[in-house]
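In what follows, a single structure is set out as structure tokens and then discussed.
Derivation of every value follows stated rules applied to the coordinates shown; laboratory data play no part. Just so we're clear, the structure is a prediction, and the values are computed from it rather than from any experiment. Here Cβ is always computed from backbone atoms with ideal geometry, including for glycine, and neighbour counts include all displayed protein chains.
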Amino acid sequence: MPTAAGPIDCVVSGDGPPVLVVHGSPGGHDAGAAMAGFLADGGLRTIVVDRPGYFGTPLASGPTVDGQADLYAALLDALGIERAGVLCWSGGGPSSYRFAVRHPDRLTSLVACAAVSRRYVFTGEKGAEKLIMDTGLGRRMLQLMARYTPEKLVEATIAAEGDLTADELAARVAHIVADPDKQQFTLDIAVAANHSGPRRAGFDNDMTQFAAIESLELERIERPCLIVQGTADSDVRPEYSGFAAEQIPGSELVELAAGTHLAFWVHPDSGPVRQQAIERFRSAAG
């Protein structure tokens, strides 16, 4: 989609009040589509983007978090949409929070899931983890695991994204594999977690931008904000959501006990929280 701020890849589907879906780091439209599945079931129109540097969206369309926020507004202009809700996750947080600050008249409601809300420094992977997450071979290995050993990949993903005891991990994996939608979501996100190839430029830029954050000016956000956080998240720690809840006036923080980085979608108690998000998007749209 050409916009006044530059081209951006997006997938638009469904009918109803529009919701912009902003993926994490790494990510892309595939991860965004997994994030957005429950919204379509709730009668909402979804606009899933590739943030700059991911897949077909040039990094030049918005290399900074402010530039990405402005790109979202330009995309809404190009689509003829006056206002939209925003669902963001993890590394999609900084640009989404800045969209709420810089374009408050374009936002109906914000749902931020385990979202980066201040400076975030990535320390990198080592050894086998680097092979899996940072190479084309690792990407292919993840794809093969998702196809042939899905339960093993679910277990590895949940273990890597949360501080769970052995018993908690076994129970969470059993819960996920017993639910086809939750298992598919976990597998989709696991494959999208590799940041080689078409995600490389976006991921590397994200890490540079996030390490340079001084303030996202969260206290200036005026629209309703639901913040969701798993208490055992080892990727974006709970203090990021706690900080956002403290700074954003009138925000609501929902914590999912022993939830990992994927808690909003796969936690045993996440269903009512997703329904709350749907209701917020629908009611805020008027």
(message) Please list, ordered by chain and number, the residues whose modelled amide H lies under 5 Å from the amide H of residue 109; skip anything fewer than 5 residues away on the same chain.
(response) 85, 86
(message) What is the angle, in °, between the Cα long axis of helix 93-102 and the longest principal axis of the Cα atoms in the chain? Nearest 10 is fine, range 0 to 90.
(response) 10 degrees
(request) Express in whole angstrom the spacing between the alpha-carbon centres of segment 238-283 and segment 1-17. (result) 26 Å
(message) If you average the C-alpha positions of segment 159-186 and of segment 32-63 separately, how far apart do those two centres end up, in angstrom?
(response) 25 Å
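Find, to one decimal place in angstroms, the Kirkwood hydrodynamic radius of segment 180-286, where the mean of 1/r is taken over every pair of different Cα atoms and then inverted.
Answer for segment 180-286: a Kirkwood hydrodynamic radius of 15.8 Å.
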(request) Within 10 Å, count the other beta carbons around each residue, average over each peptide in 261-267, 231-237, and list them highest first. (result) 261-267, 231-237
(message) If each DSSP helix of 4+ residues adds -39,500 (n - 2.57) and the sum is divided by the residues in the chain, what number results at 222 nm, nearest 500 deg cm²/dmol?
(response) -14500 deg cm²/dmol
(request) Taking the Cβ of each residue in 98, 220 as the centre, tally the other Cβ atoms inside 10 Å and list the residues starting with the fewest. (result) 220, 98
(message) If packing is taken as the average number of other Cβ atoms within 10 Å across a peptide's residues, how do 124-133, 249-258, 168-177 rank, most packed first?
(response) 168-177, 249-258, 124-133
(request) Taking every pair of Cα atoms in segment 40-115, average 1/r, invert it to obtain the Kirkwood radius, and report Rg/Rh to two decimals. (result) 0.94
(request) Measure nothing but the geometry: give the 0 to 90° angle between the long axis through the Cα atoms of 136-148 and the longest principal axis through the Cα atoms of the chain, rounded to 10°. (result) 70 degrees
(message) Ignoring solvent entirely, what values of log10 I(q)/I(0) come out of the Debye formula for segment 127-192 at 0.14, 0.17, 0.21 Å⁻¹ when each Cα is a single scatterer?
(response) -0.39, -0.57, -0.84
(request) Please give the length that would be gained between residue 174 and residue 79 if that part of the chain were fully extended, namely 0.36 nm times their separation in residues minus their C-alpha to C-alpha distance (nm, one decimal). (result) 30.0 nm
(request) Evaluate the charge dipole of the chain about its Cα centre and quote only its size in Debye, nearest 20, assuming +1 on the Cβ of each Lys and Arg and -1 on the Cβ of each Asp and Glu. (result) 520 debye
(request) Any chance you could give the angle, 0 to 90 degrees and rounded to 10, that helix 29-41 forms with the longest Cα principal axis of the chain? (result) 80 degrees
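Size of the dipole of segment 127-192 about the Cα centre, Lys and Arg at +1 and Asp and Glu at -1 on the beta carbon, nothing else charged, in debye to 20?
The calculation lands at about 380 debye.
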(request) Considering Cα pairs under 8 angstrom that are at least six residues apart, work out the relative contact order of segment 127-192 and quote it in whole percent. (result) 33 percent
(request) Note down the net charge around residue 234, summing +1 for each Lys or Arg and -1 for each Asp or Glu among other residues with Cβ under 9 Å from its Cβ. (result) -3
(request) For residue 258, list long-range residues whose amide hydrogen, built 1.01 Å from N in the peptide plane, is under 5 Å from its own amide hydrogen. (result) 231, 232
(request) Work out the charge dipole of segment 127-192 with +1 on the Cβ of Lys and Arg and -1 on the Cβ of Asp and Glu about the Cα centre, then indicate which of 137, 187, 157 is farthest towards its positive end. (result) 137
(message) Run the simple label-point estimate for residue 231 and residue 152 please: 7 Å along Cα→C-beta, distance reported in nm.
(response) 3.4 nm
(request) Over all directions, average the projected area of the Cα convex hull of the chain and note it in nm². (result) 13.2 nm²
(request) Using DSSP, restrict attention to beta bridges with both residues in the chain and report what percent are antiparallel, rounded to the nearest 5. (result) 20 percent
(message) Name the residue from 264, 35, 281 whose Cα lies farthest towards the positive end of the charge dipole of the chain, charges +1 on Cβ of Lys and Arg and -1 on Cβ of Asp and Glu.
(response) 35
